[in-house]
Amino acid sequence: MAGSKEVFARRKQGKIDEAYELALELVEAPGAGEWEQSALAWCLIDLIKRESANRDDARLEACRAQLEAILPSADNEILATHRDKALALCRPEGRLLAEAKTVSQAGNAAQAVALYRKALAARPGDADIQTSLGWELYRHNKQLLTQDAPNVGLVRRNLSDYLMLAVGKPSLLHSCMLKQAAQLAGQDSLKMLAFSRLWNLDNLSGDDFEPYQTDDGKILPALAEKVIRLAAKDVIASCNQDDLDYLQPYLEDAIDRYPDSLWLRHTKAKALLALNRHGEAMQFVVLVTKAKPDEFWTWELLGDVCAPSDPDAALACYCKGLTCSSDETFLGKLRLKLADALIAGQDFARAKCEVERVIVHRRASEHKIPEAAARITRQPWYAGTEPAASNHDYYKARAAHAEDVLLHDLPWTSAVIGERFTVTTAEGKTRTRRRIYLASGDGMPKEVFVRESDFPFRDAGSGEPVQVKGEFRPGDRYHVYKIERRAGADWDVVPTRVGVIDHVNKDKQLAHFIVARGIDGVIPLATLPGPVCEGNMVAVRMARFTSQKCDRYRVLSVEPSREQADAAVFRRFESTVRTSGDMGFTTDDIFIPPAVMKKAGVEDGEFVSGVALLNFDKKRMQWGWKAISASASEWP
């Protein structure tokens, strides 16, 4: 007779009825044991799954009775688990679950949701049913959100129903529902702050903090960052301190996690501003404005922060903002803020000019006149005031004060102008840049650059003295905010250093020099007059620049020098020699190369004098001294 293995083989082939009949024979045969009972149990589980879908109540009841009579051993947990699930299908709610699964697989999420709701009503608190319902709510929402005109109210209801379920958290399902909520909130169809309180941001998973990469390689913000920004938007709208207190720890954590996210800082600044916490908002607004100095809205925000304590600074910031854009579609609020500031200063002609520009644009685009503009037109002075023809020159005159407000904490750094150079962008376009050399405390100027379009002195020559306000950003990228001419001499922040030629490559027509340990460079032989030899002294001007995260040095000028290089790189020596093959070494470990030994004609134990240069041994990866000349001398 075939054994239990044959039963499992027929089940695998889909021959469930044959497998069941064979299992019955095995169980009834003499000597039947646990393996045969298990084989029959698995057949009954398969039959119950099938008949619950077919709604054959008589067959289902018969199978249930047989399966209940089989008790798996304690160590057969898999069979016990599937047995319990199969028996559950025999109950009315179990049939609902089977039907729900069937219609879900057919793509009818709405009907599946309804069936899972009925099943949960029959067995309240069942964790598996709640999780299944949660996933079906997600699938239903996914279908709704892909429609041309989605039923937003139904999506919100599904989200609300989900929040009442007791499902595992954190979990993929929990994150998926948060993602759908964020999609609605991004369309202003859901309040993310209220949702996130119920969802509980402590349940964010590790994956929720990872940026998302699209199929075309574009990197999008992480779900956590997006949700926190949307929730902060609601804080700004509510002006509620309790809301900010709730969100602040999550917002601070996000700022720490995403140090390059300008929008998180912008969001926090606006939230603090909405709560009239101007002092705290200032540090974030300054960061945002420095990062986006060419955007009108950053200067508008800086003006809003300054307004309560320094109205004149606020007015200057509004003016600066209006120098950054000419797109009237977005400038209406900013113009009206400037108008209010001008009115406060009794500058009615310029104020009316701003209001008229807003009104003209709104009428031309067939939009409603803003109430803020209408309010100003009703003021007594308005009708009898002739508007200024243009405020453009006024903006430019006040913009400098706005820049001072932004940069007051940054010191001026002395610098000189460098040469122009071009770069090719990823799109294949050529862009011109201008080098600037900043004074440094260690005497080695730092090379930075600005776009030629941002450089204010197009006629300036290389070496001309200027002063700069700027700072290094993450990634060691220096951003120049302001440049002014200053009194001084050309190249005054780039000192001349004396170095020594330590290698000449006549084939490549290049010479290498060293100024100090780690400070060296290469120059074309043509830059120096006459023959160039090892040991020649040169006066060089150099600047440090960063390339591939390493410091390198650019030679700005070089000429012969009568001064001697520092003793740290150039020395004269007298010593006895010990030989090793055709090489020599002094008593203080100066290496004498074979060519120098041969030319000097010295032997082991002789006394020599000569010149040595600091040298880096690449094989040993260490610094030492190397003789470039030597000669036999008399003993002292």
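The values are calculated or read from the model by the stated rules, or taken from the named source; none is laboratory data. All values derive from a computational prediction rather than experimental measurement. So basically every Cβ, Gly included, is an ideal-geometry build from the backbone, and we count neighbours across all protein chains shown.
Please indicate, with yes or no, whether at least one residue in the stretch 92-110 is β-branched (Val, Ile, Thr), in contact with a His (Cβ under 6 Å, 6 or more places away or on another chain) and in contact (Cβ under 8 Å) with a residue 40 or more places away in the chain.
Among the residues of the stretch 92-110, not one is β-branched (Val, Ile, Thr), in contact with a His (Cβ under 6 Å, 6 or more places away or on another chain) and in contact (Cβ under 8 Å) with a residue 40 or more places away in the chain, which makes the answer no.
If I ask for residues that are of a type in the set (Lys, Arg) and surrounded by fewer than 17 Cβ atoms within 10 Å (Cβ to Cβ), which ones from the stretch 476-519 would you list?
Answer for the stretch 476-519, where residues must be of a type in the set (Lys, Arg) and surrounded by fewer than 17 Cβ atoms within 10 Å (Cβ to Cβ): ARG477, ARG485, ARG486, LYS506, LYS508, ARG517.
Can you tell me how many residues in the stretch 449-486 are of a type in the set (S, T, N, Q) and farther than 12 Å from ILE436 by Cβ?
Count: 1.
Looking at the stretch 541-555, can you tell me whether even one residue there is of a type in the set (A, V, I, L, M, F, W, C) and closer than 27 Å to ALA630 by Cβ?
Looking through the stretch 541-555, none of the residues is of a type in the set (A, V, I, L, M, F, W, C) and closer than 27 Å to ALA630 by Cβ.
For residues in the stretch 41-61 being modelled with pLDDT under 85 and either out of contact with any helix residue (DSSP H, G or I) (no Cβ under 6 Å at 6 or more places or on another chain) or not in a helix (DSSP H, G or I) (or both), which is surrounded by the most Cβ atoms within 10 Å (Cβ to Cβ)?
Here the answer is LYS49.
Is one or more of the residues making up the stretch 207-224 over 28 Å from the mean Cα position of the chain (by Cα) and at pLDDT below 95?
no
Give the stretch 114-135 a look and list any residue that's closer than 15 Å to GLU93 by Cβ and surrounded by 19 or more Cβ atoms within 10 Å (Cβ to Cβ), or say none.
LEU115, TYR116, ALA119, LEU120, ILE129, GLN130, SER132, LEU133
Report every pair of residues separated by at least 6 positions or lying on different chains whose Cβ atoms are under 7 Å apart, first residue within the stretch 312-331 and in the same structural domain as GLU295 (by TED's automatic domain parsing), second of a type in the set (S, T, N, Q).
LEU331/SER325
For the stretch 274-290, state whether one or more residues are touching a residue at least 40 places away in the same chain (Cβ under 8 Å), under 16 Å from VAL405 (Cβ atoms) and touching a helix residue (DSSP H, G or I) at 6+ places or on another chain (Cβ under 6 Å).
So far as the stretch 274-290 goes, yes, one or more of its residues are touching a residue at least 40 places away in the same chain (Cβ under 8 Å), under 16 Å from VAL405 (Cβ atoms) and touching a helix residue (DSSP H, G or I) at 6+ places or on another chain (Cβ under 6 Å).
Is it the case, given these coordinates, that TRP35 is assigned by TED's automatic domain parsing to the domain that holds LYS101, surrounded by fewer than 16 Cβ atoms within 10 Å (Cβ to Cβ) and in a helix (DSSP H, G or I)?
Yes.
Of all residues in the stretch 432-445 being part of a loop (DSSP other than H, G, I, E, B) and free of Cβ contacts under 8 Å to residues at least 40 places away in the same chain, which is farthest from GLY470 (Cα to Cα)?
Per the stated criteria, the residue is ASP442.
If I filter the stretch 418-431 down to residues being free of Cβ contacts under 8 Å to residues at least 24 places away in the same chain and of a type in the set (D, E, K, R), which single residue comes out as surrounded by the fewest Cβ atoms within 10 Å (Cβ to Cβ)?
Out of the qualifying residues, it is GLU427.
Any chance the stretch 226-239 includes a residue that's touching a strand residue (DSSP E or B) at 6+ places or on another chain (Cβ under 9 Å) and either at pLDDT below 95 or not in a helix (DSSP H, G or I) (or both)?
No - not one qualifying residue is present in the stretch 226-239.
Which condition number does GLU99 fail, the rest of (1) farther than 30 Å from ARG197 by Cβ; (2) out of contact with any Leu (no Cβ under 6 Å at 6 or more places or on another chain) being met?
Just one mismatch for GLU99, condition (2).
What about ARG578, is it at pLDDT below 95, of a type in the set (Lys, Arg), part of a strand (DSSP E or B) and farther than 30 Å from SER609 by Cβ?
In short, no.
When the stretch 455-475 is examined, which residues are found to be loosely packed, with under 11 Cβ neighbours inside 10 Å and either in contact (Cβ under 8 Å) with a residue 24 or more places away in the chain or of a type in the set (Lys, Arg) (or both)?
If the condition is that a residue be loosely packed, with under 11 Cβ neighbours inside 10 Å and either in contact (Cβ under 8 Å) with a residue 24 or more places away in the chain or of a type in the set (Lys, Arg) (or both), then ARG458, GLY461, PRO474 are the ones that fit.
Go through (1) out of contact with any Lys or Arg (no Cβ under 7 Å at 6 or more places or on another chain); (2) in contact (Cβ under 8 Å) with a residue 24 or more places away in the chain; (3) outside any helix (DSSP H, G or I) one by one and return the number of the condition ASP216 breaks.
The one condition ASP216 does not meet is (2).
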